[in-house]
């Protein structure tokens, strides 16, 4: 079987300066995993090819009525969409969301090259990275942490992000909204590439993840949890979690392996 072709929009979702930073890492995973790409308007619907596209925007139009090609929407958002002509199936990387919208759960693996190459420069040490769009809910957690002395890396990209992540104790995932407790697959993949232990707010469905490779706490306790693990000399145990996550997503369940298994 030939490799699937990942279809891009003409809108530059790869550029984090456009406000879609999560897709920047997604497309890097596609590149480093060696998959071919095309643009959405280059999909050959009459072929036997397999196409995977993300995100879904206005460029898909009315879809691909009567398509012979197998067209898959990898939905990286936190909601479902109305059916689209010619789309054979929808993938999501959160197990709860998959059940809610009747999509296929596909674990998003990682790749060690998500970590930028080169020597690590020394900088101020940080306790956690959030690297998220800061909704009021997340701002509240960040404020609580800062008040307790926790240092959070500023949102950044490229080499600046690499240096900061290389000098950070853990990745922190706080949910964007109440009652939507989903995995953030790109953030989890990035943490794995840096062997960063991942602390997440409680998930409704862990999917393929377990307590051996990620850590979790309820919203009411997450501030205390972060303080305990990142400020009280738990470096050795944290390092074990980071190592486990790295091996889980960068060795055993890589991005390529996840795609191939789902096909």
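Taken together, the values in this text are just the output of simple stated rules run on the coordinates, not laboratory data. Computed from a predicted model, the values in this text were never measured in an experiment. So basically every Cβ, Gly included, is an ideal-geometry build from the backbone, and we count neighbours across all protein chains shown.
Numbers below:
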quantity	calculated
Rounded tilt (10° steps) of 21-32 against the dominant C-alpha axis of the chain	70 degrees
Rg over Rh, two decimals, the range 1-153 (C-alpha only, Kirkwood Rh)	1.04
Calculated P(r) of the range 187-241 - Cα pairs past 18 Å, %	32 percent
Ascending count of other beta-carbon atoms within 10 Å, so fewest first, for 160, 62	62, 160
Helical mean residue ellipticity (222 nm; -39500 (n - 2.57) per DSSP H run of 4+; nearest 500) of the chain	-9000 deg cm²/dmol
Cα pair distances exceeding 15 angstrom across the range 66-125, given as percent	62 percent
R0 of 51 Å, Cβ-Cβ distance residue 3-residue 231: FRET efficiency to nearest 0.05	0.65
Alpha-carbon Rg with Dmax, taken over the range 113-252, Å	14.0, 41
Convex hull volume per residue for the chain, taking Cα atoms only, in Å³	125 Å³
Highest to lowest packing among 43-56, 133-146, scored as the average C-beta count within 10 Å	43-56, 133-146
